[in-house]
Ligand SMILES: Nc1ncnc2c1ncn2[C@@H]1O[C@H](COP(=O)(O)OP(=O)(O)OP(=O)(O)O)[C@@H](O)[C@H]1O
Ligand SMILES: [Mg+2]
């Protein structure tokens, strides 16, 4: 496929610029034409006016938007791409990447438009993107659009992950329009407004390295170091090699990220190098899934026929992806052994991070010799019957909290297992171990890391079906639960429960 197709003819965007009070600084756009193409979002047909589908007040506050943004028709137009935002300098950035382990060349960004960067309330830079804002010079055969269902999924998952403490891009809102968009069937258009410190991906680096544009590669690496990893300039790290230090820092953040994913039971689904954030954020909520039953081999992406991105493989895929980044940075690092050492930070760090996450899930603050074996036994127990992952951890937390009050909730846990002997053996072992911990502290930790609510596919699907009927209350309701996933939320027992039978028929593919 050609690198850059003809520049699309955009509808003229001559609406008056919308004022927001945001302080724009737009630094990525200043890198120049090799990195991005300036262009306005493509307006949607006037006979299909936009509407709000979902809004995050928390992200609005983070950006420093006035509270009435949620009712502003001007902002609604701007965030659908139908009017410019005063101060923004929209660009489409170019990147390449490996998809399913195969070099795919230039493939992005065909549908996300970087509106620019604003200074947040705390003075840090935040980039704002519209995903699904129309064709760009990098769209290849795509239409530049995103559909309602995938946009709702991205919006809710971003905020759910943030609330669970998982590093992620955020989402301010989803807007929709009845403009038709062709996928397997005719669907309708939607736009997600995303926010992150940076949307730079491994694929941005691979892009310039693959074309042997080493000057551009260096400028990009320097930009990322100066902005996000200034500590890499310290002369004593990695023999004073700032690019190796950068690779090590990214490896470390990626290790932290993957440990979070595994611990919350998150399957990304499309861990291509172009979906890997240089800041270690969860990026690109496509065919993702939160585990229902604990199945290490679970494949959430219906299009992933080989299971390359199965849940248990994710940590290894991340390591593979870091090698792709290392390959791209090698012309700057100029020393293969140094590059390998930097990537191996991941291998050292990931098990430690995972251990820390699981210790918290089990309520273990002290370190005892058999802890590793206990954790392995726990996961084996869950895998045996594919026990519901989220419900198990939550009921365990509730049982420990009850034990701290001198009560028991063991039966609710036991009910999750057919083989109750195996469960009872495990519980005795676990409870014996817990005697070495202050029980109330364990309970408090566990109730704060084992969520009662995760965005299961069926919950998202239910909100999507309502939204298709123009009822957006399900999106708002779900957001409210997911923003506080560790709270009880009385009245929402079903949302905290097992997936209904119909959920088994939900298939999530890459189509979005
Ligand atoms: N409908 C589309 N029109 C144009 N380009 C598209 C479309 N869908 C995907 N692409 C391009 O294909 C690339 C890879 O797709 P992928 O599904 O990984 O990402 P995405 O869902 O578009 O977005 P992101 O990674 O930004 O969250 C994207 O960078 C994008 O440029
Ligand atoms: Mg992507």
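The values are calculated or read from the model by the stated rules, or taken from the named source; none is laboratory data. Keep in mind that what you see is a predicted model, and the values were worked out from it rather than measured. Here the Cβ is made from the backbone with ideal geometry for all residues, glycine too, and neighbour counts use every protein chain on show.
When the criteria are applied in full, residue 160 meets the requirement of being assigned to a helix (DSSP H, G or I) and either at pLDDT below 95 or crowded, with 22+ Cβ neighbours inside 10 Å (or both).
If I ask for residues that are within 11 Å of the chain's Cα centre (by Cα), more than 10 Å from ligand 2 (Cβ to nearest atom), touching a residue at least 60 places away in the same chain (Cβ under 8 Å) and at negative phi, which ones from segment 261-286 would you list? Answer for segment 261-286, where residues must be within 11 Å of the chain's Cα centre (by Cα), more than 10 Å from ligand 2 (Cβ to nearest atom), touching a residue at least 60 places away in the same chain (Cβ under 8 Å) and at negative phi: 261, 266, 277, 281, 282.
Would you confirm whether any residue within segment 489-508 is within 16 Å of ligand 2 (Cβ to nearest atom) and surrounded by 11 or more Cβ atoms within 10 Å (Cβ to Cβ)? Yes, segment 489-508 has at least one match. When you look at residue 92, is it surrounded by 15 or more Cβ atoms within 10 Å (Cβ to Cβ), farther than 30 Å from residue 307 by Cα, at pLDDT 95 or above and more than 16 Å from ligand 2 (Cβ to nearest atom), yes or no? Against the criterion (surrounded by 15 or more Cβ atoms within 10 Å (Cβ to Cβ), farther than 30 Å from residue 307 by Cα, at pLDDT 95 or above and more than 16 Å from ligand 2 (Cβ to nearest atom)), residue 92 does not qualify. Checking each residue in segment 165-181 for being over 10 Å from the mean Cα position of the chain (by Cα), touching a residue at least 40 places away in the same chain (Cβ under 8 Å) and surrounded by fewer than 21 Cβ atoms within 10 Å (Cβ to Cβ) picks out 165, 178, 179. Scan segment 484-497 and tell me whether some residue there is within 30 Å of residue 189 (Cβ to Cβ) and either without any contact (Cβ under 8 Å) to a residue 24 or more places away in the chain or more than 21 Å from the chain's Cα centre (by Cα) (or both). For segment 484-497, residues within 30 Å of residue 189 (Cβ to Cβ) and either without any contact (Cβ under 8 Å) to a residue 24 or more places away in the chain or more than 21 Å from the chain's Cα centre (by Cα) (or both): present. Taking (1) at pLDDT below 95; (2) more than 16 Å from ligand 2 (Cβ to nearest atom) in turn, residue 141 satisfies each apart from (2).
Across segment 360-377, the qualifying residues are those that are without any contact (Cβ under 8 Å) to a residue 60 or more places away in the chain and out of contact with any helix residue (DSSP H, G or I) (no Cβ under 7 Å at 6 or more places or on another chain), and the one among them that is farthest from residue 426 (Cα to Cα) is 367.
In segment 102-112, the count of residues that are on the phi < 0 side of the Ramachandran plot, away from ligand 1 (no atom under 14 Å from the Cβ) and crowded, with 22+ Cβ neighbours inside 10 Å is zero.
Of everything listed in (1) farther than 27 Å from residue 507 by Cβ; (2) at pLDDT 95 or above; (3) more than 16 Å from the chain's Cα centre (by Cα), the single unmet condition for residue 107 is (1). The single condition among (1) outside any strand (DSSP E or B); (2) in contact with a strand residue (DSSP E or B) (Cβ under 7 Å, 6 or more places away or on another chain); (3) more than 16 Å from ligand 2 (Cβ to nearest atom) that residue 175 does not satisfy is (1).
Of the helices (runs of 4 or more DSSP H) lying entirely inside segment 295-398, those containing at least 2 residues that are at pLDDT 95 or above and within 24 Å of residue 506 (Cα to Cα) span 371-385.
Please verify whether segment 290-299 includes one or more residues that are within 10 Å of ligand 1 (Cβ to nearest atom), buried (at least 20 other Cβ atoms within 10 Å of the Cβ) and touching a residue at least 24 places away in the same chain (Cβ under 8 Å). Before you say what the answer is, go through the steps one by one.
Quick first cut of segment 290-299, residues within 10 Å of ligand 1 (Cβ to nearest atom) only: none.
Within segment 290-299, not a single residue is within 10 Å of ligand 1 (Cβ to nearest atom), buried (at least 20 other Cβ atoms within 10 Å of the Cβ) and touching a residue at least 24 places away in the same chain (Cβ under 8 Å).
Put simply, of 198, 251 the only residue that is at pLDDT 95 or above and either assigned by TED's automatic domain parsing to the domain that holds residue 164 or part of a loop (DSSP other than H, G, I, E, B) (or both) is 198.
Would you point out which residue out of 354, 374, 382, 362 is crowded, with 16+ Cβ neighbours inside 10 Å, in contact with a strand residue (DSSP E or B) (Cβ under 9 Å, 6 or more places away or on another chain) and over 29 Å from residue 208 (Cβ atoms)?
Values: 354 fails: in contact with a strand residue (DSSP E or B) (Cβ under 9 Å, 6 or more places away or on another chain); 374 fails: in contact with a strand residue (DSSP E or B) (Cβ under 9 Å, 6 or more places away or on another chain); 362 fails: in contact with a strand residue (DSSP E or B) (Cβ under 9 Å, 6 or more places away or on another chain).
Just a single option satisfies the conditions, and that option is 382.
What about residue 250, is it more than 16 Å from ligand 1 (Cβ to nearest atom), closer than 19 Å to residue 342 by Cα and surrounded by 23 or more Cβ atoms within 10 Å (Cβ to Cβ)? So residue 250 passes the test.
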